[in-house]
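The values are calculated or read from the model by the stated rules, or taken from the named source; none is laboratory data. Bear in mind that the values here come from a model prediction, so they are computed numbers and not experimental data. A quick note on method: Cβ atoms are made from the backbone with ideal geometry, for glycine too, and the neighbour counts reach across all protein chains shown.
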Amino acid sequence: MSLPATIALGRTRNIRRKRPVADWKLDRTFASSSGDVRWNVLGEGEPVVLCHGTPFSSYVWRAIGRALAVERSVYVWDMPGYGASQMSDGQDVSLAAQGRVFAELMEHWGLNEPLVVAHDFGGAVALRAHLLHGVRYRKLALVDPVALAPWGSPFFRLVGANSEVFEQLPPALHRALVREYVTSASHPGLHPATLEALVAPWLGEQGQAAFYRQIAQADQRYTDEVQGRYGELDLPVLVCWGADDTWIPVEKAHELADAVPGAQLRLIEGSGHLVQEDAPAQLTAALLGFL
C-alpha cells in the first residue's frame, strides 16, 4: 500500500472513530432536584422513554432509539451525574434520587402512560418511579436490570467502600480502570469509538469524581425497598437479558420473570450486559414485537 493510501486510510478510520460521538447530542435541559438533566426527543408518534444504566449514558441507546423513532417519539436522557448531565460535588445521584428525578421528568414532559424501556440501573429507576412515586407506564421493558438482590460485583463493592481512595488515582490509571470496567460489560468486545464515547464523560477532574461518587452511593437497600412489590406490577412487562451477561447472571432473568405476573422473557444469545451494543438488531426486534 502506498504512503498516500495509508494516510488516506488512517484519515478515514479517524473520521469513523469520531463520528458516533458527534452524532449523539442532548440539546435540551431540565432543572431537576438533583441537578440539570440533558435530554432530547427523536421522531413523532406514540411516546417511548429510554433509560440508561451505570456507568453508561443515553449514548448506548443511539441505534435502537433511532430505529424506534421511525414511528414513535423517543425520549432519551442522561441521569444526573452521568453523560452530559450535571456533575457536581455533594450531588445526590443515588437510586432514590434518580427515581424522583424520573418522576419529575415525566411530569415535565407531560407524558401519560408512555412505553418505557430501561437498562441496568435504569431498570431500578423505572421500577422505583412506578412503585413508589405512582408514575404509570403502558408497558415496561427491562433489559438486564438491577432489580434483585444481591447485586454489585466484587470490584463495585471494593470501589464503593473506598471511593475516596480511588478518587485520588492518577488520571492515566483512572482512565485505564474505567476502560477495562466498561469493556467487561460487552461479550464480543466494544468498537474503539464506542468505548471512547462511553469512557469520555468519566475523565477529567469532574468526571473522575463523578464516577466514584455514583458507585459510592449505589446501595442495595434501594432495590430491597421495591423487590417485594414486583408482584403488584399490573402492566405488560418484558424481561430481556444477554445470555452471556457476566455482570448480572442470566439466572436473575428467570428469577425476575417469575416474580412479575405475566412477564415475558427473552434471552439474547451472544450478548453480554450491554445488549444494546452486542446485539442491537436482536434487541430492537424484541422491543418492537413487545411495544
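Which pairs do you get when a residue that is of a type in the set (Gly, Ala, Ser), found in the stretch 266-286, comes within reach of a residue that is in a helix (DSSP H, G or I) and surrounded by 22 or more Cβ atoms within 10 Å (Cβ to Cβ), reach meaning Cβ atoms under 8 angstrom, with the pair 6+ apart or on two chains?
270/278; 271/278; 271/283; 272/278
Looking only at the stretch 157-198, filter to residues that are among the polar types (S, T, N, Q) and closer than 23 Å to residue 62 by Cβ; which one of those is surrounded by the most Cβ atoms within 10 Å (Cβ to Cβ)?
Looking at the filtered set, the residue picked out is 186.
When only residues in the stretch 8-38 that are at pLDDT 80 or above and among the charged types (D, E, K, R) count, which is surrounded by the fewest Cβ atoms within 10 Å (Cβ to Cβ)?
Only one residue fits best here, namely 27.
For the stretch 89-119, name all the residues that are in contact with a Phe, Trp or Tyr (Cβ under 8 Å, 6 or more places away or on another chain), under 21 Å from residue 208 (Cα atoms) and not hydroxyl-bearing (Ser, Thr, Tyr).
93, 95, 98
What residue, of 78, 120, 36, 89, is in contact with a Lys or Arg (Cβ under 7 Å, 6 or more places away or on another chain) and either of a type outside the set (Lys, Arg) or under 23 Å from residue 281 (Cα atoms) (or both)?
Details: 120 fails: in contact with a Lys or Arg (Cβ under 7 Å, 6 or more places away or on another chain); 36 fails: in contact with a Lys or Arg (Cβ under 7 Å, 6 or more places away or on another chain); 89 fails: in contact with a Lys or Arg (Cβ under 7 Å, 6 or more places away or on another chain).
Only one candidate passes the filter, namely 78.
In this structure, does residue 229 turn out to be touching a Phe, Trp or Tyr at 6+ places or on another chain (Cβ under 9 Å), closer than 23 Å to residue 137 by Cα and among the charged types (D, E, K, R)?
The answer is no for residue 229.
Of all residues in the stretch 137-156, count the ones that are free of Cβ contacts under 8 Å to residues at least 24 places away in the same chain and either surrounded by 14 or more Cβ atoms within 10 Å (Cβ to Cβ) or touching a Ser or Thr at 6+ places or on another chain (Cβ under 8 Å) (or both).
Residues flagged as free of Cβ contacts under 8 Å to residues at least 24 places away in the same chain and either surrounded by 14 or more Cβ atoms within 10 Å (Cβ to Cβ) or touching a Ser or Thr at 6+ places or on another chain (Cβ under 8 Å) (or both) within the stretch 137-156 amount to 0.
Looking only at the stretch 29-51, filter to residues that are in a strand (DSSP E or B) and among the hydroxyl-bearing types (Ser, Thr, Tyr); which one of those is nearest to residue 77 (Cα to Cα)?
First, the residues of the stretch 29-51 that are in a strand (DSSP E or B): 29-32, 35-42, 46-51.
Retained after the next criterion (residues that are among the hydroxyl-bearing types (Ser, Thr, Tyr)): 29, 32.
Numbers: 29: 9, 32: 12 Å.
Filtering first and then ranking leaves 29.
Can you tell me which residues in the stretch 73-118 are more than 18 Å from the chain's Cα centre (by Cα) and under 13 Å from residue 31 (Cα atoms)?
Once the filter is applied, which keeps residues that are more than 18 Å from the chain's Cα centre (by Cα) and under 13 Å from residue 31 (Cα atoms), the stretch 73-118 yields 104, 107, 108, 109.
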